[in-house]
Amino acid sequence: MLHISVEEKEPVARIFTTAGKSFYIDNEGEKMPLSDMMSARVPVFTNFPDKKVLSTKDSILLNDIRRTASFILNDSFWMAQTEQIDITEDRNFEMIPTIGHHVVKLGKGDDIDKNSAGC
């Protein structure tokens with residue numbers, strides 16, 4: 001008798017690189033390929049460095065993305081308001097909202113949960 005336990009990975013963010021490539025990450029920050037069968041409704045991040053081997057700075061940025069995306073994904077208000085999040089040259093986040101023509105500067109996303117308490 002053989003028992004198998006399978007745990008399906010779920011994406012928390014979709015990332016577009018500076019070269020236009022795209023992939024998902026899961027809640028542990030691991031890359032996941034795109035699927036031809038479905039498209040996950042997750043926060044979208046743009047301008048991630050396009051490198052085969054990530055530097056320490058890139059790994060830290062990926063962790064910041066994972067943490068910020070997890071917060072947005074688990075908050076219905078933020079999820080409804082977020083069109084995409086751009087990564088700036090200094091590795092900060094700028095959220096482009098679904099409604100309006102403005103930019104919300106999120107910094108590194110460290111305090112997104114503290115700053116949204118009044119929303």
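Summary of computed values
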{"item": "Close pairs from the stretch 71-93: first free of Cβ contacts under 8 Å to residues at least 60 places away in the same chain and over 19 Å from Asn27 (Cα atoms), partner assigned to a loop (DSSP other than H, G, I, E, B) and basic (Lys, Arg), Cβ under 7 Å, at least 6 apart", "result": "Asn92/Lys108"}
{"item": "Verdict on Ala40 being of a type outside the set (Val, Ile, Thr) and either touching a strand residue (DSSP E or B) at 6+ places or on another chain (Cβ under 6 Å) or in a strand (DSSP E or B) (or both)", "result": "yes"}
{"item": "Tally of residues being closer than 23 Å to Asp90 by Cα and either modelled with pLDDT of 95 or more or of a type outside the set (Asp, Glu) (or both) across the stretch 22-63", "result": "25"}
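The values are calculated or read from the model by the stated rules, or taken from the named source; none is laboratory data. Since the structure is predicted, the reported quantities are computational estimates derived from the model, not experimental observations. Heads up, the Cβs are rebuilt from the backbone with ideal geometry, glycines too, and the neighbour counts pull from every protein chain shown.
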